[in-house]
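So the structure is just underneath, and the comments pick up after that.
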DNA sequence: AATAAATGTTAATCTAGTTTAACATCATTT
DNA sequence: AAATGATGTTAAACTAGATTAACATTTATT
């Protein structure tokens, strides 16, 4: 599989020597999933963190009433993992399912711990990645309680214009935390407004 | 100031040699703030990350209508910083204000970058801390869209029993994203229920 | 091309939480 | 002790978004 996107991504955060690159590449797993396959299921222990080379996934959980709630979508050059389960190696709260045929690069928990020892710079890489992920998550909390559903939808459209086109509308409603009917209403309002 | 709580905290994540401890302690700032003083204001660049030795802070932002929204409370052995502003050194989205007289240990941006070079293990420390913070934030997003206000309040009470007693009720309402009137209603319902 | 399955729309009714406003209690200052 | 400001309560009227249910459109399968 083509590993260039991963190396290019890493280079945005840290510099790797040729040897370090080789070590990293020797420890990763290439993996392909078909549309609708699960990468992780709620209750399983998440054994890998997953970098997407091609495709699209949704991370979601199913509540007691059987309702699906989407936490995030991931596409090329993003990560798709239940980090809580991964770092503590305890059962996952979330499912991750492919919305398209998807190619991943996986780091297993044990191999990654080994990698941190061989290439300590990777601690810095993942520190920085996680910092950014934390900030993004905190911003989402803020949006949740300061924006109306309409404003949140417009923010989503602006922030992830490509994702909107790849994903059915009812899943976007789920991601926004509103019903598909209400999203439909919002969209028709927006059309009338202009 | 007593720096033991910081060292004890760090030891939960990584081992430091005596020399490394000395280096860390040489690069930190002890700082005291009085009740109601601001550690950071919206629009300023957040120059330090702050570890609380004693006291209590709220992080919040003020929306266009002048309404305050509390993102988090921090007490002893926690961090209190606008991480987004800190890591990018751009203007802060949030204010941090002391709810009690507060003692902090501060790491400035430049000193911390230097510390990462002298004691690379600290990358690992902050990677782990940030991972946990990210997971906690993601869980809050989940709670936001799966729990009713009453359930969120009960979760808050359970998770942070000590904070509830140190902080006025209207601030807890703000943290939960509901009005103080509605929290008051919830509490009287809970009293009747039992 | 016909059928079935998945996705999207509309509208009526309902509800959790907001808004407003008046009042009650507690703590601090003079 | 009185007065002021900060915090908390109650209740009525209101609204954003949920629920239900019927229907419309698009996509995939035979």
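Since every read-out is calculated from the coordinates, none of them should be taken as a lab result. The shown structure was predicted, so the numbers you read here are calculated from the model rather than taken from an experiment. Neighbour counts are summed over all protein chains in view; Cβ atoms, including those assigned to glycine, are modelled from backbone coordinates with ideal geometry.
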For helix B:121-146, what angle does its Cα long axis make with the longest principal axis of chain B, in degrees from 0 to 90 and rounded to 10?
10 degrees
Please report, for residue A:63, the nm distances (one decimal) from its label point, 7 Å out from Cα along the beta-carbon direction, to the equivalent points in the remaining copies, shortest first.
2.1
Quick one: compute the contact order of region B:4-140, relative version, from alpha carbon pairs under 8 angstrom and 6+ residues apart, as a percent.
32 percent
What helix-only [θ] at 222 nm does chain A give? Using -39500 (n - 2.57) per DSSP H run of at least 4, over all residues, to the nearest 500, the answer is -15000 deg cm²/dmol
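Please give the contour-minus-distance gain from residue B:146 to residue B:169: 0.36 nm per residue of separation, less the Cα-Cα distance, rounded to one decimal in nm.
Numbers: separation 23, 0.36 × 23 = 8.28 nm, distance 2.27 nm.
Separation in residues times 0.36 nm, less the Cα-Cα distance, equals 6.0 nm.
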Measure out, as a whole number of angstrom, how far apart the alpha-carbon centroids of region A:121-144 and region B:42-107 sit.
17 Å
Compute the long axis of helix A:109-118 from its Cα atoms, compare it with the longest principal axis of the Cα atoms of chain A, and write down the angle in degrees, 0 to 90, nearest 10.
50 degrees
Along Cα→Cβ at 7 Å, what distances in nm separate the residue A:13 label point from those on the other copies, shortest first?
1.5
Expected max-MSF residue from A:84, A:66, A:43 in the GNM of chain A (alpha carbon, under 10 Å) is A:66
What are the nm distances, shortest first, from residue B:26 to its equivalents in the other copies, labels at 7 Å along Cα→Cβ?
3.7
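Run the numbers on region B:17-77 and let me know its relative contact order in percent, using alpha-carbon pairs under 8 Å that are six or more apart. List each step's numbers first, then the result.
Details: 43 pairs, mean separation 15.2, N = 61.
Contact order relative to length: 25 percent.
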Against the longest principal axis of chain A, how steep is helix A:180-193, in degrees 0 to 90 to the nearest 10, with axes from Cα atoms?
70 degrees
